[in-house]
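Asks: Please find one structure pasted underneath; my questions will follow.
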Amino acid sequence: MTSLEGRNLHLQAGGKTILEGVSAGFTTGQVTAILGANGAGKSTLLTALAGLSVPKGGEVRLGETALLDLDPRTRAQRLGFIPQSPEIAWGLEVRTVVGLGRLPWSGGRGLSQADGEAVDRAMDAAQVQHLAERDITTLSGGERARALIARALAGEPEWLLADEPYAGLDPRHALEAAALFRSLAEQGAGVLLTLHDLTLAARLADRVLVLGDGGVLADGPPASALTPDVLAKAYGIDARLRETDQGLAVDILGRWG
Amino acid sequence: MRRLSPLTVITGLVFALGILAALSLMAGRVWVPLEAWGREDPRWIIILELRIPRTLLAIVVGAALGMSGAALQGYTRNPLADPGVLGVSSMAALGAVVSLYVGFYLPALAGIAWLMPLCAMAGALVGVLVLIGLTGQASGTVTFVLAGVVLNIVAGAGVALALNLAPNPWAVNEIVNWLMGSLTDRSMADLQMSAPFVAVGLVLLILTRRALDALTLGEIGARSLGIDLSRTRLLLALGVGLAAGASVAVTGVIGFVGLVTPHLLRPFLGPRPAGLLLPSALGGAVIVLAGDILVRLIPSAAEVRLGVAMAALGGPFFLALLLIQRRRLA
């Protein structure tokens, strides 16, 4: 089990302070959902935790080492990252795009047989095997999102950080992606997601980290962290957590106040 | 179109290059058929002194422009990128023209044989660095093309000023040479002056191949895959600076080769940027060599300059490309 830990992070975006003094540690084997209103700093925090931005203050440590001291390639082998609605410049075949996920491992000579097997496993897991030959720019939003999840899985990273991986997925595929992230955590990976769907977060995550007011509003298992008070502060909504026989659900009753 | 394997395409291009090279040795004002190849025939001297350097230079320059275009298109994720469109070639031409002035006003430096290629490469390097600097993090298509327009205007103004202030008609003539690229009457010395730099430039560009593929997913996507983009920018700037700069230094500006070549290859090879680098070098060589044979065969009083012919063919191609892009964006 390894840990990914943000210590006293001071993060900016576009020259504006977004988060101040945020500390949060994560362990492998868990799914953590990072929640918060638009502009609360979810993406900013996730990008810093992925080692892709330099914090204004504080540091991110992966196990015993500072993340920014790691060689970029080693970091990429250990931490997979799915950016929010990433641009895709060329009409590559889906299999080629998924193969890009092997770049941290492969040399310049292209994919080895082992790389090819990892690509196949990732495509099976994300259910995009049937799209292998398709041009990625012609896929529907949901198919594209799954292909990009497969791209990140292909690197078989110890940590998977995904920024809004559900954007564009219909409810059925969102549930399947949730099952996929769960099974990754059960196999020992650490999974960090930013999410907007509160019910999905409550069911999928072992832990939620709710951001707001430039810091952490709540941190813990969904059942105890997602109190009406926290939801009101974070989103300005009147909402209640409810037990159903399928798991937790969040009922949004209306705006707060 | 059905994709072909890279090996098939490369074999085909090498084969075409071989045939064109043989044709290039034969074609010109004086046709030198295969039977005349040999030391006894007086026409052999034409091949030896004129056509071998010209043919080899066409291959070197075509490879430099083709691969530079493919690398720039990959890096910018913009199919309209090319050393000519982005102003890198114009900056190299400005460098070459400046070196003429340096030679004229500082005779002490005029003896340095490498002065001109060095100035041309410096010009190209400045061009690429300005491009990368101007566009920086947000490398949108529009910013990049506008940056190219700016470089072309600045370099054009510099060259026009040089023409304006030219000390004598001979200098005017020399300067015009760099505006309209040509392979006529080039010697082995020209080849020796450019080939090593082009070779180093091409190797540097090939080193960017993983990064170019990763950049398909955007800058943050590439960085998340462990790509060090500052290293990529350095390799790209040096690679294009050396390859395109050394080419312009000996042949002048030959536009559109870098733009057209990757486009012609994409239907066969697919759009993966790294897969286009080597084939674009070969394809660029084929196009420049074919163009150079063509200008020799056009019956005209003065030989049509290769740069002019390429622009005449490339302009409509560029227009067609814009129309297709516009339809796709609409």
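Asks: Taking a cut-off of 18 Å between Cα atoms, list the aspartates and glutamates near A:LYS233, but don't count ones fewer than 8 places away on the same chain.
Replies: Within the straight-line cut-off, A:LYS233 pairs with A:GLU20, A:ASP197, A:ASP213, A:ASP219, A:ASP251.
Asks: What range in chain B is the longest one free of trypsin sites (Lys or Arg not before Pro) that are in a loop by DSSP and have at most 10 other Cβ atoms within 10 angstrom?
Replies: No qualifying site falls inside B:40-330, the longest such stretch.
Asks: Give me, ordered by chain and number, the residues 5 or more places off A:GLN30 or on other chains with an amide H under 5 Å from its own placed amide H.
Replies: Result for A:GLN30 returns A:VAL191.
Asks: For a label point 7 angstrom out from the Cα of A:MET1 toward its Cβ, which stretches of region A:165-202 have the backbone nitrogen within less than 15 Å?
Replies: Flagged as within label range: A:185-191.
Asks: At 222 nm, what value in deg cm²/dmol follows for chain B if DSSP H runs of at least 4 each add -39500 (n - 2.57) and the sum is divided by all its residues, to the nearest 500?
Replies: -24500 deg cm²/dmol
Asks: Still on this model: Among B:ALA246, B:ALA63, B:ALA22, which one moves the most in a GNM of chain B with springs linking Cα atoms closer than 10 Å?
Replies: B:ALA22
Asks: Taking a ≥ b ≥ c as the square roots of the eigenvalues of the Cα gyration tensor of the protein assembly as shown, is the shape rounded (a/c under 1.5), prolate (a/b larger than b/c) or oblate?
Replies: Prolate, since a/c reaches 1.5 and a/b exceeds b/c.
Asks: Could you tell me what percent of the DSSP beta bridges with both partners in the protein assembly as shown are antiparallel, to the nearest 5? Walk me through the intermediate numbers first.
Replies: On the way: 29 of 47 bridges.
Among the beta bridges of the protein assembly as shown, antiparallel pairing accounts for roughly 60 percent.
Asks: Can you give the accessible area buried between chains A and B, summed over both chains, with a 1.4 Å probe, in Å² to the nearest 100? Don't skip to the end; give the middle numbers.
Replies: On the way: alone 12160 and 15130 Å², together 25160 Å².
Chains A and B together bury roughly 2100 Å² of accessible area.
Asks: Let's see if you can work this out: charge +1 on each Lys and Arg Cβ, -1 on each Asp and Glu Cβ, no other charges. What is the dipole magnitude of region A:99-183 about its Cα centre, in debye to the nearest 20?
Replies: Around 40 debye, computed over region A:99-183.
Asks: Additional query: Over all pairs of distinct alpha carbons, what does the Kirkwood formula give as the hydrodynamic radius of region A:103-142, in Å?
Replies: 11.6 Å is the Kirkwood radius here.
Asks: Next question, about the same structure. What is the average number of partner chain Cβ atoms found within 10 Å of a Cβ in A:98-105?
Replies: Values: counts 0, 2, 10, 4, 1, 10, 6, 1.
Mean shielding count: 4.
Asks: Next up: So how many Å³ per residue does the convex hull of the Cα atoms of chain B work out to? Don't jump to the answer; show the numbers that get you there.
Replies: Details: hull volume 49.1 nm³, N = 330.
For chain B, the hull spanned by Cα atoms encloses 149 Å³ per residue.
Asks: Another question about this same structure. Given the convex hull over the Cα atoms of region A:3-255, what projected area results after averaging over all orientations, in nm²? All intermediate terms of the calculation are to be shown ahead of the outcome.
Replies: Values: hull surface 55.5 nm².
Mean orientational projected area (region A:3-255, Cα hull): 13.9 nm².
Asks: Which value, in debye to the nearest 20, describes the size of the charge dipole of region B:1-104 about its Cα centre when Lys and Arg Cβ atoms bear +1, Asp and Glu Cβ atoms bear -1, and nothing else is charged?
Replies: About 300 debye.
Asks: For chain B, what's the relative contact order in percent, using C-alpha pairs closer than 8 Å and at least 6 residues apart?
Replies: Reported relative contact order: 32 percent.
Asks: What does the helix-only formula give at 222 nm for chain A: each DSSP H stretch with n ≥ 4 adding -39500 (n - 2.57), the total divided by the residues, and the result rounded to the nearest 500 deg cm²/dmol? Mind dumping the intermediate values first?
Replies: Details: 9 runs with 84 residues, N = 257.
The helix contribution divided over chain A gives -9500 deg cm²/dmol.
Asks: Quick test of the membrane-span-like rule: which DSSP H helices of chain B reach at least 24 Å along their long axis (C-alpha atoms) with mean Kyte hydropathy at least 0.5?
Replies: B:6-26, B:52-76, B:88-105, B:115-135, B:141-164, B:188-206, B:229-251, B:273-297, B:306-329
Asks: Calculate the dipole size of the protein assembly as shown relative to its Cα centre from +1 charges on Lys and Arg beta carbons and -1 charges on Asp and Glu beta carbons; express the result in debye to the nearest 20.
Replies: Roughly 940 debye for the protein assembly as shown.
Asks: Would you mind telling me the antiparallel percentage of the DSSP bridges in region A:3-255, rounded to 5?
Replies: Rounded to the nearest five, the antiparallel share is 60 percent.
Asks: Next question, about the same structure. Does region A:116-210 come out rounded, prolate or oblate, given a ≥ b ≥ c as the square roots of the eigenvalues of its C-alpha gyration tensor, rounded meaning a/c under 1.5 and, failing that, prolate meaning a/b above b/c?
Replies: On the way: a/c = 2.14, a/b = 1.32, b/c = 1.61.
Because a/c hits 1.5 or more and a/b fails to exceed b/c, region A:116-210 counts as oblate.
Asks: For B:LEU294 paired with B:LEU163, estimate the spin-label separation in nm (one decimal), with each label point 7 Å from Cα along the Cα-to-Cβ line.
Replies: That separation, rounded to one decimal, is 2.4 nm.
The values are calculated or read from the model by the stated rules, or taken from the named source; none is laboratory data. Just so it is clear, the structure is predicted and the values come from calculations on it, not from any experiment. All Cβ positions, even for glycine, are placed from backbone atoms using ideal geometry, and neighbour counts span all protein chains on display. We work out accessible area using only protein heavy atoms, side chains counted, and drop any ligands, DNA or RNA first. Shrake-Rupley method; radii C 1.70, N 1.55, O 1.52, S 1.80 Å.
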